[in-house]
Amino acid sequence: GRWANRQGLTRIEGHRAGEAALLDVVAGAIQAGIKHLSVYAFSTENWNRPADEVSDLMGLVRAFVGSDLKRLAAAGVRVKVLGRRRGLPDDIAAIVARAEAETAHNDKFLLQVAFNYGGRADLVDAAQRLVDRARMGEDVAVDEVTLGAGLSTAGAPPVDLIVRTSGEQRLSNFLLWEAAYAEMVFQDILWPDYVLEALAEAISQFGARERRYGGREAMTAAYGEAAG
């Protein structure tokens, strides 16, 4: 939206430019050898935006699946949508299910799209799942493993790097649990202007970091193949 305002464009034109930037970043990440990428598309708080903007954003979701899903699938990308399904318009929920189903067989690259997502909401939902299991009589051990298994991101590798664009220096309710030991890079670039050189710079900064995971020695072996 801010990018569009600076360009004298409508907010929806800014969102369309952001969608194009996403496709470029996915292509660049694949070229860089990254195998997992998560992006924030629509938060649980974004429903509070003006109704016409929310409607336009839902239209972008429809257009994305109609025009870009085949391109991602052909590139070996598996799409997984993070966030709550309840409360979504029926056709949007069906589109989300279609995007996941049509790319489920791909294993070259995992693209997680946070849609109707909030880090706090995801933690609440994971805790509620444990409560529901306990109410059904199951002996549930509440620990990091069982709680983590109930998150939207369950099954994905740990987050290594979070890139915050737009000059902001906050998480904005994104991957709160998963960010525990992630490195953070802040870049003063509005998302529609994000280019592959910016991605390369973020990766370079990450490569120069010494990761300790709470210990005194760098634990490089823990990194493994969990890039992204």
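Where the centroid of each part is defined by its Cα atoms, how far is region 144-162 from region 76-142 in Å?
Rounded to whole Å, the Cα centres lie 12 Å apart.
Compute a Gaussian network model of the chain, connecting alpha carbons closer than 10 Å, and tell me which residue from Arg84, Arg164, Arg98 fluctuates the most.
Judging by the Gaussian network model, the answer is Arg98.
Give the label of the value calculated from the structure for Rg/Rh (Cα atoms, Kirkwood Rh), choosing from (1) 0.96; (2) 1.20; (3) 1.06.
After the calculation, the listed value that fits is (1).
If you build the convex hull over the alpha carbons only and average its shadow over all orientations, what do you get for region 49-104? Give it in nm² to one decimal.
Over all viewing directions, region 49-104 projects a mean Cα-hull area of 4.0 nm².
What full-extension length gain, to one decimal in nm, is calculated for Arg86 and Arg98 as 0.36 nm per residue of separation minus the Cα-Cα distance?
2.7 nm
Lys80: accessible area at probe 1.4 Å, nearest 10 Å²?
Here the accessible area works out near 40 Å².
Taking the Cβ of Ala29 as the center, what net charge do the other residues with Cβ under 13 Å away carry, scoring Lys and Arg +1 and Asp and Glu -1?
In short, 0.
With a 1.4 Å probe and all protein chains in place, put Ser166, Ser204 in order of accessible area, largest first.
Ser204, Ser166
Go ahead and set up a Gaussian network model of the chain, Cα springs under 10 Å, then flag whichever of Asp160, Asp139, Asp188 fluctuates most.
Comparing Asp160, Asp139, Asp188 in the GNM, the peak value goes to Asp139.
What does the charge count around Ala104 come to, taking other residues whose C-beta lies under 12 Å from its C-beta (Lys +1, Arg +1, Asp -1, Glu -1)?
Here the charged neighbours net out to 0.
How far, in nm, would the chain grow between Ala27 and Asp132 when pulled straight, counting 0.36 nm per residue and subtracting the alpha carbon separation?
Difference between extended and current length: 33.7 nm.
Round to the nearest 0.05 the FRET efficiency obtained for Gln7 and Glu210 when R0 = 41 Å and r is the Cβ-Cβ distance.
Working from the Cβ atoms, E equals 0.55.
How much FRET efficiency would the formula 1/(1 + (r/R0)^6) give for Asn46 and Val142, where r is the Cβ-Cβ distance and R0 is 25 Å, rounded to 0.05?
The computed FRET efficiency comes out at 0.20.
The values are calculated or read from the model by the stated rules, or taken from the named source; none is laboratory data. Here the structure is a predicted model, which is why all the values come from computation and not from measurement. So basically every Cβ, Gly included, is an ideal-geometry build from the backbone, and we count neighbours across all protein chains shown. With ligands, DNA and RNA removed, areas are computed over all heavy atoms of the protein, side chains included. Shrake-Rupley method; radii C 1.70, N 1.55, O 1.52, S 1.80 Å.
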